[in-house]
Structure formats: C-alpha cells, structure tokens
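The values are calculated or read from the model by the stated rules, or taken from the named source; none is laboratory data. What you see is a predicted model; the values in this text were computed from it and never measured. Neighbour counts are summed over all protein chains in view; Cβ atoms, including those assigned to glycine, are modelled from backbone coordinates with ideal geometry. With ligands, DNA and RNA removed, areas are computed over all heavy atoms of the protein, side chains included. Shrake-Rupley method; radii C 1.70, N 1.55, O 1.52, S 1.80 Å.
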Amino acid sequence: MSINATSPFRLLHHVCIVVADLDKATGYYESLGVGPWNDFPPLEAFRHELSVPDVDAFLGLRFRWCNLENMQLQLCQPGPGGSPQRAFLDSHGEGVFHLGFTVSDLDAVEQDAAKIGLHPWMRGRLPDRTGFTYFDTRDEGAGVTLEIRANRRT
C-alpha cells in the first residue's frame, strides 16, 4: 500500500509522550543511552494566536526533546489546569499523546485537512506562520492525536 501523496501525514517529525515527572523520565531515557535532552523554549510566544482549551494550562506545559537518528522524541509534563495533556495523563496514565508530522505550509495544509473531515482541536502560530495544529483523531480511528507542524523559516 502506498501513502497518498497529498496526505499531510507523510513526514514523521516526532513522537510525544506525556509523563508525570519530566526529570525522572529523561533520567531513565539517559540511562538507556537516549539523549541528550533539550528544554523546549517557553510556549509564551504562541499566546498572540493560540486556540487551546485552557491557555494558561497549555503555556504551563513542560517539554524536553532529543533527536534520534530517524526522528525526534519529545516528553511532555503537564501542570495543573485543563490541558488535554493533563486530561490524557489523568485518564490514561503516561503514554504516547501525539505523532507530529512536518508540513511546509500549516495554514494551507490545515485548509486541505478540512476537506477530508479533519478540523483543528488545538492550534498555535508564530508571526512567521510556523507553529502547530492538533487534530482530535484519537477516537476517530487513529488511536492517537495527529499533529502537523512547520519549522521556522530561515
């Protein structure tokens, strides 16, 4: 079976795992030789164009990431509040929250995704139009949340 050339889910960038204790999780991965880990920059830069269920809870998420040979691994520790990541941790425990795919133009791909029945669940944009869009696909058959993201343009 081949992948549809127009699907936004062709280039896997990362897997994001929600954890209860970021320090414990990164320490464990490092004991396995996975690392080095980097703190994700503060999410405050997205505040000007951010659509999430609870802005303060989203801005309070803590992320660390490391590049593997074939993709990036991200860990996310939710704080208090109404973030979907917190709800996931509370109801499912630690585990894979989303798969992140790279696209070249978030706004265009988001519009194309609407044509196949995908609508943004959470989204954020920086002034250069990079950022992220999460689709609530977990219960629709994907078994996980799917995200599209675009790198900063240089």
TODO: Scan region 95-114 residue by residue and report those that are closer than 17 Å to T137 by Cα, out of contact with any strand residue (DSSP E or B) (no Cβ under 7 Å at 6 or more places or on another chain) and exposed (fewer than 14 other Cβ atoms within 10 Å of the Cβ).
DONE: Q111, A114
- [ ] Name every residue in region 22-48 that is charged (D, E, K, R) and in contact with a strand residue (DSSP E or B) (Cβ under 7 Å, 6 or more places away or on another chain), in order of residue number.
- [x] D39
TODO: Check P42, P53 and return the single one that is open to solvent by 60 Å² or more (accessible area, probe 1.4 Å) and within 22 Å of G143 (Cα to Cα).
DONE: P53
Open item on the list: Would you confirm whether or not region 71-94 contains a residue that is open to solvent by less than 20 Å² (accessible area, probe 1.4 Å), in contact (Cβ under 8 Å) with a residue 24 or more places away in the chain and over 18 Å from V144 (Cα atoms)?
Closed with: no
